[in-house]
Amino acid sequence: MSPTLLVSRELPTLTYTATRDRFDESWRQPLSTLLGLGRAAGADFVEFFMERVNFISCLAEDDAITSISPRLSTGAGVRVFRGKHDCYVSTNDLTFSGLKAALEKALSIIGLTMPDPNAFVPEINLELLRDYAAARKKESWLSDSSSMQEMGDVLLSANSTLEQKATHVQARRASYFRDWQEVLVASSDGIFARDIRLTQSLGFNLLCADGDNRSSISKRLGSTSDPNFLRTWNYADTAEEVADSAGKMLYADYVESGTYPIIMANEFGGVIFHEACGHLLETTQIERKTTPFMEKKGEKIAHESLTAWDEGLSDNEFGSIDMDDEGMPAQRTLLIENGILKNFLSDRAGAVRTGHPRTGSGRRQGYTYAAASRMRNTYIAPGDYSIDDLFNSVEKGIYCKKMGGGSVGPTGEFNFGVDEAYLIENGKITKPLKGAILIGAAKEIMNKIPMCSNDLGLAAGFCGSISGSIYVTVGQPHIKVDSITVGGR
């Protein structure tokens, strides 16, 4: 069957033998035909996203495994653009007729109809399969990962170790999940790319109580691309860290509310930059006109000491990807350089609607979501100061060692709890504090960070937005904030 002779009325008679348990070269012909059909119907751009998922989580509470939750799914989504408008339809029917029905639905929603029965439907000339899974030898990742029995054994041993290291324990939890995903992207601009991702996370949650005194400390680690992640977890060191923090916070004094200089620790301290600023640099925010930075590219939006990156290339970090969910290879994106806004994070829709070039940032939770501009590994770059320099610059302030949960408004106003904090007096840590809440706005706090130390640290995180929940990395070195409102007692 020659692509140049294919006409619309012949489509119902076509049969294909695409491999059902693997996304490979056999998917080229059906997808190129469907993409051509969408273009022949008048779409400016058509994309198919195919996905298979094998997920399992395991939870140990005290000395028992209380939950094992597996999930298997397979599906596809089709996105159709007409001008600056787009439509997305998903399906779990991966037959040719099922994918064709999803395409027809998307076309109809956006005001297009299938071609006339006698219309020619030229197939899209797709690139040679760009197979990151084969190139990086990922095919065995799923079979090489920990078994269900191994998950339970490791988590129970970890929880036992945590009990030995902590005092006044009220509850202890160890958890783990493994998320294996195979994806294939084919689009009418010729993209034809496949990848396998293996994302894992594990950690502790410890609750301690002594009379009216309470403390709760969590620690979570994350990995991509390492089937041995659970096996090599040094849970004794993690338990030591969590137990030490919980013990110090158990009898901590409540912080007095006020305005203070603060030093924010590295690693998960970067969650504030992620939430309060990073989201404002995604083109989805420009489309909604909810970012104060939308007209600020090339202008100063932060202290000249601050440089920030978003990238998908760091080895094994939680937000690292070989390609995004639109088939674009991963890259590094300079967000802020010496206080100057350099770039926004853009997916295909963002590029169409805002003019900002794509940055390999089109990400989604799964096939039921259209991709959107999202962060990957996002962090403030290391500076030229030592940690001692930062502390010595503070006469009286607060050291925020471990950040907790919080909330962020649509234009960057935030409040974040601090799980572990300490009073700084004359450059020295003097006593633990609890109950601290950091309150501020991104466009203000960004100009109050005059000092960044040279100890960049990264931490695993989860990010929810318009395209679902995805895996990200947050990070920074230790930073000093000249003044910030701290809620307390």
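Count, please, the residues in the stretch 33-77 that happen to be in a loop (DSSP other than H, G, I, E, B) and farther than 27 Å from Ile191 by Cα.
2
If I ask for residues that are open to solvent by 50 Å² or more (accessible area, probe 1.4 Å) and in contact with a strand residue (DSSP E or B) (Cβ under 9 Å, 6 or more places away or on another chain), which ones from the stretch 158-168 would you list?
Answer for the stretch 158-168, where residues must be open to solvent by 50 Å² or more (accessible area, probe 1.4 Å) and in contact with a strand residue (DSSP E or B) (Cβ under 9 Å, 6 or more places away or on another chain): Glu163, Thr167, His168.
For the stretch 421-489, list the strands (runs of 3 or more DSSP E) that sit wholly inside it and hold at least 3 residues that are open to solvent by less than 10 Å² (accessible area, probe 1.4 Å) and either among the polar types (S, T, N, Q) or farther than 24 Å from Lys219 by Cβ (or both); which are they?
468-476
For the stretch 65-77, enumerate the residues that are touching a residue at least 40 places away in the same chain (Cβ under 8 Å) and open to solvent by less than 50 Å² (accessible area, probe 1.4 Å).
Of everything in the stretch 65-77, those that are touching a residue at least 40 places away in the same chain (Cβ under 8 Å) and open to solvent by less than 50 Å² (accessible area, probe 1.4 Å) turn out to be Ser73, Gly75, Ala76, Gly77.
Is the stretch 199-214 home to any residue that is outside any strand (DSSP E or B), without any contact (Cβ under 8 Å) to a residue 12 or more places away in the chain and surrounded by fewer than 16 Cβ atoms within 10 Å (Cβ to Cβ)?
Scanning the stretch 199-214, I find at least one residue that is outside any strand (DSSP E or B), without any contact (Cβ under 8 Å) to a residue 12 or more places away in the chain and surrounded by fewer than 16 Cβ atoms within 10 Å (Cβ to Cβ), so the answer is yes.
If the Cβ limit is 8 Å and pairs must be 6+ apart or interchain, which residue in the stretch 140-157 that is open to solvent by less than 20 Å² (accessible area, probe 1.4 Å) pairs with which residue that is β-branched (Val, Ile, Thr)?
That search, which allows pairs on different chains as well, returns Ser146/Val154; Met151/Ile56; Met151/Ile68; Gly152/Ile65; Gly152/Ile68; Leu155/Ile65.
Report, by residue number, each residue of the stretch 313-361 that is within 16 Å of Gln476 (Cα to Cα), open to solvent by less than 10 Å² (accessible area, probe 1.4 Å) and assigned to a loop (DSSP other than H, G, I, E, B).
Residues satisfying the conditions are Phe318, Gly319, Gly339.
May I ask you to list the residues in the stretch 289-312 that are of a type in the set (Asp, Glu) and either open to solvent by 60 Å² or more (accessible area, probe 1.4 Å) or in contact with a Cys (Cβ under 6 Å, 6 or more places away or on another chain) (or both)?
Glu295, Glu299, Glu304, listed by residue number.
Testing Ala174 on (1) in a strand (DSSP E or B); (2) open to solvent by 10 Å² or more (accessible area, probe 1.4 Å); (3) closer than 30 Å to Ala252 by Cβ, one condition comes back false. Which one is that?
(2)
Identify the residue in the stretch 215-243 that is in contact (Cβ under 8 Å) with a residue 40 or more places away in the chain and assigned to a helix (DSSP H, G or I) and, among all such residues, is nearest to Thr167 (Cα to Cα).
Ala243
Give me a count of the residues in the stretch 372-402 that are in contact with a helix residue (DSSP H, G or I) (Cβ under 7 Å, 6 or more places away or on another chain) and within 30 Å of Met50 (Cβ to Cβ).
So the count comes out to 4.
I'd like the residue in the stretch 76-120 that is of a type in the set (Phe, Trp, Tyr) and farther than 14 Å from Val46 by Cβ and, out of all such residues, is farthest from the chain's Cα centre (by Cα).
Among residues in the stretch 76-120 that are of a type in the set (Phe, Trp, Tyr) and farther than 14 Å from Val46 by Cβ, the one farthest from the chain's Cα centre (by Cα) is Phe120.
Could you tell me which residue of the stretch 78-122 is surrounded by the fewest Cβ atoms within 10 Å (Cβ to Cβ), considering only residues that are β-branched (Val, Ile, Thr) and outside any loop (DSSP other than H, G, I, E, B)?
Filtering the stretch 78-122 for residues that are β-branched (Val, Ile, Thr) and outside any loop (DSSP other than H, G, I, E, B), the one surrounded by the fewest Cβ atoms within 10 Å (Cβ to Cβ) comes out as Ile109.
Could you list all residues from the stretch 182-239 that are over 30 Å from Leu34 (Cβ atoms) and among the basic types (Lys, Arg)?
Hits for the stretch 182-239 are Arg214, Lys219, Arg220, Arg231.
Does Thr284 fit the bill of being under 22 Å from Pro410 (Cα atoms), modelled with pLDDT of 95 or more, more than 15 Å from the chain's Cα centre (by Cα) and not acidic (Asp, Glu)?
Against the criterion (under 22 Å from Pro410 (Cα atoms), modelled with pLDDT of 95 or more, more than 15 Å from the chain's Cα centre (by Cα) and not acidic (Asp, Glu)), Thr284 qualifies.
The values are calculated or read from the model by the stated rules, or taken from the named source; none is laboratory data. This one's a predicted model, so the numbers in the text were calculated from it and none came from an experiment. Cβ: placed from backbone, ideal geometry, glycine included. Neighbour counts: every protein chain shown. With ligands, DNA and RNA removed, areas are computed over all heavy atoms of the protein, side chains included. Shrake-Rupley method; radii C 1.70, N 1.55, O 1.52, S 1.80 Å.
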